[in-house]
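Report on the structure given below.
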Amino acid sequence: MEFLQIQDVCKVYGKGESQVTALDHVSLTIEKGDFTAIIGSSCSGKSTLLHAIAGVDVPTGGKIFLEGQDIYAQNNERLAIFRRRQVGLIYQFHNLIPTLNVVENITLPILMDKRRVNQERLKELLDLLGLQDRKKHLPSQLSGGQQQRVAIGRALMNAPAVMLADEPTGALDSRNGQEIIRLLKESHDLYQQTLIIVTHDENIALQADRIITISDGRVIRDERQVARR
């Protein structure tokens, strides 16, 4: 069975003359452990697709299965738990809680479930992301690149089934952007997780195992890379 199945998914916003079709009967399968890049121009539907996979934007039609589970067949409470535990979602803007320090932001999904923090995993993530000496800092005391590292740590803390990144380098300069992609690839290789990145940057996309191109809400190209460095 495929790890992720997207079956005839549609997403329509608005009604009448203001109606916009963001996704137009999209069907895809993604294998476990793949690094997939979704590319397209602005308003092509790529971010909408990512958010539908993440369980944060309910499709108008179609179904999405993660490891055989129909994501949107769950009630709201179960869907919220699914988002916290099964999906690691990273946005362009870091969405950190300004009054929480690095460790508190990273462990927030665990604390929201009133579960005990795995201190060994926390230390491993802080080391991986180069945040050990910043763990008591507030977001306002961090650079943009460091804040995005915290967002990656928060997404990884629950050991999610899939990591989803929506333009994760969009708010960063070139150097920090390259570092964030390196860290995402390193965590993908280390934890053998499925990674899906939405980007308009073809240089980032070329580092993936597979490139899916979306235009006007439809998949127009689906290419698997022969090799990835």
How far is helix 76-86 tilted, in degrees, relative to the longest principal axis of the Cα atoms in the chain, given as a value from 0 to 90 rounded to the nearest 10? 60 degrees
Taking every alpha carbon pair in the chain, what does the distance histogram look like in 5 angstrom bins from 0, in percent? 1, 7, 14, 18, 20, 16, 12, 8, 3, 1, 0
Using a probe of 1.4 angstrom, how much of the accessible area of the range 1-150 is carbon and sulfur, in percent? 49 percent
Per residue value of the accessible surface for the range 1-116 (all protein chains in place, 1.4 Å probe), Å²: 52 Å²
Extreme residue, positive dipole direction of the range 127-168, given options 159, 144, 132 (C-beta unit charges): 132
Hey, got a sec? Which GluC sites (Glu not before Pro) in the range 1-110 land in a DSSP loop and have at most 16 other Cβ atoms within 10 Å? 2, 31, 67
Quick one: if you stick a label point 7 Å off each Cα along the C-beta vector at residue 32 and residue 78, how many nm between them? 2.1 nm
If you place +1 on the Cβ of every Lys and Arg and -1 on the Cβ of every Asp and Glu, how big does the dipole about the Cα centre of the range 128-207 come out, in debye to the nearest 20? 440 debye
Place a +1 charge on the Cβ of each Lys and Arg in the range 1-115 and a -1 charge on the Cβ of each Asp and Glu, then give the dipole magnitude about the Cα centre in debye, rounded to the nearest 20. 320 debye
Rounded to the nearest 500, what is the chain's calculated 222 nm mean residue ellipticity when only DSSP H runs of at least 4 contribute -39500 (n - 2.57) each, over all residues? -9500 deg cm²/dmol
Size of the dipole of the chain about the Cα centre, Lys and Arg at +1 and Asp and Glu at -1 on the beta carbon, nothing else charged, in debye to 20? 680 debye
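The values are calculated or read from the model by the stated rules, or taken from the named source; none is laboratory data. Everything numeric in this text was worked out from a predicted model, so none of it was measured. Backbone-built Cβ (ideal geometry, glycine too); neighbour counts: all protein chains shown. Areas reflect the complete protein model, heavy atoms only, side chains present, ligands, DNA and RNA absent. Shrake-Rupley method; radii C 1.70, N 1.55, O 1.52, S 1.80 Å.
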